[in-house]
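K.L.:
Would you mind keeping the following structure in view while I ask a few things?
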Amino acid sequence: MAQTVILFEDDQIENLYPLTLARPAYDLRCGIRLLGEKVFGAYPQAEKAFHTRDYLRALVKQQKGTHKINGGYSDHGLLVNGRALWNAKVTARIPVEGKDELFCCGEFLVAARLSGENFARIDWNLPITKSLFSGIPVTEVDVIQIRYPWDLVHENARQIREDYSALGYNGAKDGQVYSGVHLLEPGQITIAAGAKIKPGVVMDAEEGPIFIDEGAKIFPNAVIEGPCYIGKKSLIKIGAKIYEGTSIGEVCKVGGEVEECIIYSHSNKQHEGFLGHAYLGQWVNLGADTNNSDLKNDYGTVRCFIYGKPVETGLQFVGSTIGDHTKTGINTMLNTGTVVGICCNVFGSGYLPKYIPSFSWGGPEGIVEYRFEKCMEVARRVMERRKIHLSEVEEKVYRFVFDMVADFRKNFQLLLR
């Protein structure tokens, strides 16, 4: 019956801030693909549709090129939670057609196949949760849900392996591999058309596959360990050390030492310095010798601040989470589990605070509000270097977020106690 797959957001979206302040949860990267791309890849014949927070509606419409956002659907569809980590086993349990049914993992609503009156219950202006659909049969499914930013990093290596297999990569070398390149397990290394691998590069796929996407360039003497994904038109600098479990999206420049990280797209970590178990959003720039800790000196579990609230991760390795359009100065030091919001400019000697609200300016010696107009001026300048225009729709989203988090900036010191 249902021929439309609708990606939706639930009421736990704040736990993924700052990564979801300016994008839906289903547009987060984990592995080679975005979360939503995994879902649509599982149902290739279905029509794509979307649900999101109201302030993101126009932006999602602009990015997806469809009017089927928060309405405009027919009277039936398969709703899929944008925080669910999709795979072939989940697809087999949740066919796109059939009777009305909820698919849950405990209290987590994974998907809902709905029609008629059940479909009409939905208020597309609100988060979609299990409580909206009482009386509909429930089937339990085993699904990993992405609760916090570090879940994406923790799952990334496995997702690279699964995406590599699902996308049918077979070790083809369509790009240019120069003499003097060393490939370990070459059958697990796929190099797309237009990519260039310069002399002295070592790619080690003995522990997992490596995919170098179209137009990417790996400079001499870089070392890449699998599982790893290097996105379209990204540059890996001379002598870079890219360890396992790392995904680098399109048009990034990356150097130094990187381990088990996700770098979304259009972000730069060009210089020396360690980045580990971290997630960088879009248009992030790390100054030379920026370093993050991903392990406490006492080897204990890490506590992070998400939207100003302390959260025990239960994990020993947690690096930084850095939101879109944030910049660090040279020699910036980021403590274990540091969370920096979107549109920040941080710098100075000594460790930064472990939580920095969005639109903040400063460092260990003091942090003030980053003026909105100045921030947007810098964003335009940065994007224009990549021949990309900051749209009016995007700027309205950033203005909304600027106002939404105003109290967090005002009460900054109180939030850290």
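K.L.:
How large is the dipole of the chain about the Cα centre if only Lys and Arg carry +1 and Asp and Glu carry -1, each at its Cβ, rounded to the nearest 20 debye?
P.N.:
1040 debye
K.L.:
The chain: longest stretch without exposed GluC sites (Glu not before Pro) (DSSP loop, at most 14 other Cβ within 10 Å), sites themselves excluded?
P.N.:
207-364
K.L.:
Further question on the same structure: Provide Rg and Dmax in Å for segment 278-417, with only Cα atoms included in the calculation.
P.N.:
Over segment 278-417's Cα set, Rg and Dmax evaluate to 15.0, 47 Å.
K.L.:
Can you spot the lysines whose alpha carbon is less than 16 Å from Lys68's alpha carbon? Ignore those fewer than 8 places along the same chain.
P.N.:
Answer for Lys68, where 16 Å is the Cα cut-off: Lys48, listed by chain and number.
K.L.:
HN-Hα J couplings of segment 229-246 from phi, Karplus 6.51/-1.76/1.60, θ = phi - 60°, integer Hz, Gly and Pro as x?
P.N.:
Couplings: 10, 10, x, 4, 6, 7, 10, 9, 6, 4, x, 5, 10, 10, 8, 4, x, 10 Hz.
K.L.:
Excluding Glu9 itself, calculate the net charge of residues whose Cβ lies under 12 Å from the Cβ of Glu9, where each Lys or Arg counts +1 and each Asp or Glu counts -1.
P.N.:
-1
K.L.:
To continue, here is another question. At 222 nm, what value in deg cm²/dmol follows for the chain if DSSP H runs of at least 4 each add -39500 (n - 2.57) and the sum is divided by all its residues, to the nearest 500?
P.N.:
-5500 deg cm²/dmol
K.L.:
Mind checking segment 75-120 for trypsin sites (Lys or Arg not before Pro) that DSSP puts in a loop (not H, G, I, E or B) and that have at most 11 other Cβ atoms within 10 Å?
P.N.:
Here the trypsin sites (Lys or Arg not before Pro) that fit, given the DSSP loop and packing criteria, are Lys99.
K.L.:
Please give the contour-minus-distance gain from Lys89 to Ala193: 0.36 nm per residue of separation, less the Cα-Cα distance, rounded to one decimal in nm.
P.N.:
Roughly 34.3 nm would be gained on extension.
K.L.:
A further question on this structure: Fewest Cβ neighbours within 10 Å first, please rank Met203, Met404, Met333 accordingly.
P.N.:
Final ranking by Cβ density, sparse to dense: Met404, Met333, Met203.
K.L.:
Could you work out the local net charge near Lys68, counting Lys and Arg as +1, Asp and Glu as -1, over the other residues with Cβ closer than 13 Å to its Cβ?
P.N.:
+3
K.L.:
Which residue, Pro364, Pro127, Pro220, tops the fluctuation ranking in a GNM of the chain built on C-alpha contacts under 10 Å?
P.N.:
Pro364
K.L.:
What are the extents of the Cα atoms of segment 1-155 along their three principal axes, listed from largest to smallest and rounded to whole Å?
P.N.:
36, 32, 29
K.L.:
Determine the distance separating the Cα centre of segment 224-257 from the Cα centre of segment 118-170; give it in Å without decimals.
P.N.:
Cα centres, segment 224-257 to segment 118-170: 27 Å.
K.L.:
Which percent, nearest 5, of DSSP beta bridges in the chain are antiparallel?
P.N.:
The antiparallel fraction comes to roughly 25 percent.
K.L.:
Pop out the ³J(HN,Hα) list for segment 269-274 in order, Karplus 6.51 cos²θ - 1.76 cosθ + 1.60 with θ = phi - 60°, rounded to Hz; leave Gly and Pro as x.
P.N.:
Couplings: 9, 7, 10, 4, x, 9 Hz.
K.L.:
If you restrict to DSSP beta bridges whose two residues both lie in segment 4-147, what percentage is antiparallel, to the nearest 5?
P.N.:
So the antiparallel bridges amount to about 55 percent of the total.
K.L.:
What residues have an amide H closer than 5 Å to that of Phe347, excluding those fewer than 5 places away on the same chain, when H is modeled at 1.01 Å from N in the peptide plane?
P.N.:
Gly329, Gly362, Gly363
K.L.:
Over all directions, what mean area does the Cα convex hull of the chain project, stated in square nanometres?
P.N.:
Its Cα hull, projected and averaged over all orientations, spans 19.7 nm².
All of the numbers you see were taken from the coordinates with simple rules; none came from a lab. Model, not experiment: these values are computed from the prediction. No Cβ is skipped: glycine too gets one built from the backbone with ideal geometry, and neighbour counts run over all protein chains shown.
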